[in-house]
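Colleague: Below: one structure in structure tokens.
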Ligand SMILES: Nc1ncnc2c1ncn2[C@@H]1O[C@H](COP(=O)(O)OP(=O)(O)OP(=O)(O)O)[C@@H](O)[C@H]1O
């Protein structure tokens, strides 16, 4: 829509369609299409140089696409009537005037954006920075700067929040806080799009993932579905006092077997019932037979194999 008024069906949805960015010699983003739904945390994943930041910058009208479109609630960012009330973005660790206090930094943004002054206090409270409100920015830790950046993004009480690598430089406590905060926003129905290369963190945080490599879409969908579809990554942990005999039996099924370093075998290429049947047929005693779900790290490496080193 062009009047800045999103239709109810589009509210909070991000749609990237055929998005391409060609720099002189680098195709940073290549015909990329995906959708991000409200009420969910979506992890935007890819190896270094995959094109995540370029995509987010095109979404926020900071970089002009060579081709394709990116819309938020059915509208290009540049055409949103009140962008700060609609979209909050944290693209890099917050920078502010060094001598300014946290609260004053937010008040300046409120004044510039025509937002009520008390939003500064509310946003600061939201990120747990009220006790540091009157401390100068130069004395803030990296974690506090990250929180201040998020507070600034929240000033307009936006429907959509976009964050580029927000966990960078955070300690475990900061990461746990961030996870709870972002999940809480999604729970309220907001759209949360978070880029990261911290896959283990995404596994705990994201409902959906969009995986890209070399500027192209590799896979998108709910985390559980993406993990579940990677059956070739699934493995079965087996413990047996007759390891040699079991390895022989499994190799006949074209399974691959490797020791896990802790006395068990990790079997890939066949499922747990097949391992059980093969053991029974060869009269092999089993002490453990556990299907292991592939984790996101492994899926990611499999999906992006060979593409990560293109640039
Ligand atoms: N302004 C620019 N001019 C030329 N090339 C650029 C420019 N910005 C980005 N690139 C290139 O485009 C590709 C994608 O970069 P981008 O920063 O979007 O990736 P990323 O997935 O965010 O990576 P990272 O995780 O390392 O931040 C890289 O090869 C990068 O060098």
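Rule-based calculations on the coordinates, nothing more; no lab input. Everything numeric in this text was worked out from a predicted model, so none of it was measured. We place every Cβ from the backbone using ideal geometry, glycine too, and count neighbours over all the protein chains shown.
Colleague: Counting C-alpha atoms alone, how compact is the stretch 113-251: give Rg to one decimal and Dmax as a whole number, in angstrom.
Modeller: 21.2, 74
Colleague: Could you quote the convex hull projected area for the stretch 157-230, Cα atoms only and averaged over all directions, in nm²? Mind showing how you got there, number by number?
Modeller: On the way: hull surface 22.5 nm².
Over all viewing directions, the stretch 157-230 projects a mean Cα-hull area of 5.6 nm².
Colleague: Then there's this: Comparing 138, 183, 251, which has the greatest mean-square fluctuation in the GNM of the chain with Cα pairs linked when under 10 Å apart?
Modeller: 251
Colleague: Any chance you could run the full-extension gain for residue 121 through residue 76? It's 0.36 nm times the residue separation minus the Cα-Cα distance, nm to one decimal. If you can, show how the numbers build up before the last one.
Modeller: Working: separation 45, 0.36 × 45 = 16.20 nm, distance 3.01 nm.
Full-extension gain reported as 13.2 nm.
Colleague: So how do 287, 197 line up by other beta-carbon neighbours within 10 Å, fewest first?
Modeller: Values: 287 10, 197 16.
Placing the least packed residue first, the sequence is 287, 197.
Colleague: On full extension of the chain, what length is gained from residue 187 through residue 138, given 0.36 nm per residue of separation minus the C-alpha to C-alpha distance?
Modeller: Working: separation 49, 0.36 × 49 = 17.64 nm, distance 3.35 nm.
So the chain would gain 14.3 nm between residue 187 and residue 138.
Colleague: With both bridge residues required to lie in the stretch 110-264, what share of the DSSP beta bridges run antiparallel, to the nearest 5%? The partial results should precede the final answer.
Modeller: Values: 6 of 11 bridges.
Close to 55 percent.
Colleague: What share of Cα pairs, in percent, lie more than 38 angstrom apart in the chain? Let's see the in-between values first.
Modeller: Numbers: 13283 of 48205 pairs.
Roughly 28 percent, rounded to a whole number.
Colleague: With a cut-off of 8 Å between alpha carbons and a minimum separation of six or more residues, what is the relative contact order of the stretch 8-228 in percent? Please list the in-between numbers first.
Modeller: Numbers: 450 pairs, mean separation 68.2, N = 221.
Relative contact order, the stretch 8-228: 31 percent.
Colleague: Of 172, 38, 65, which is the most mobile in a GNM of the chain whose springs link Cα atoms less than 10 angstrom apart?
Modeller: Checking each option, the largest mean-square fluctuation is seen for 172.
Colleague: Still on this model: Can you sort 284, 162 from fewest to most other Cβ atoms within 10 Å of each residue's own Cβ?
Modeller: Listed from fewest to most nearby Cβ atoms, that is 284, 162.
Colleague: Right, another one. Can you tell me the 0 to 90 degree angle between the C-alpha axis of helix 172-187 and the longest principal axis of the chain, rounded to 10?
Modeller: Helix 172-187 sits at roughly 80 degrees to that axis.
Colleague: Another question, if that's okay. If one takes the longest principal axis of the Cα atoms in the chain, at what angle in degrees, from 0 to 90 and to the nearest 10, does the Cα axis of helix 272-281 lie?
Modeller: The two axes meet at around 10 degrees.
Colleague: Separate question: Just to be sure I understand the model, the point goes 7 Å from the Cα along the line to the Cβ. What's the resulting residue 244 to residue 286 distance in nm?
Modeller: With each label placed 7 Å out from Cα toward Cβ, I get 2.2 nm.
Colleague: Now for a separate question. Order of 55, 64, 304 from fewest to most other C-beta atoms within 10 Å? List each step's numbers first, then the result.
Modeller: Values: 55 28, 64 9, 304 21.
Least crowded to most crowded, the residues run 64, 304, 55.
Colleague: Quick one: pull the percentage of alpha-carbon pairs in the stretch 38-164 with a separation above 26 Å.
Modeller: On the way: 2092 of 8001 pairs.
Here the tail beyond 26 Å accounts for 26 percent of pairs.
Colleague: Give the share of C-alpha pairs in each 5 angstrom bin for the stretch 235-292, from 0 to the last occupied bin, in whole percents, shortest bins first.
Modeller: Reading the bins upward from 0: 4, 23, 40, 27, 6, 0.
Colleague: Per DSSP H run of at least 4 residues, take -39500 (n - 2.57); add these up for the chain, divide by its residues and hand me the 222 nm value, nearest 500 deg cm²/dmol. If you can, show how the numbers build up before the last one.
Modeller: Details: 11 runs with 102 residues, N = 311.
Helices in the chain give a 222 nm mean residue ellipticity of -9500 deg cm²/dmol.
Colleague: In addition: Can you tell me the orientation of helix 142-154 relative to the chain, as the angle in degrees between its alpha-carbon axis and the longest Cα principal axis, to the nearest 10?
Modeller: 60
Colleague: With both bridge residues required to lie in the chain, what share of the DSSP beta bridges run antiparallel, to the nearest 5%? Could you put the intermediate results ahead of the total?
Modeller: Working: 32 of 50 bridges.
The antiparallel proportion sits near 65 percent.
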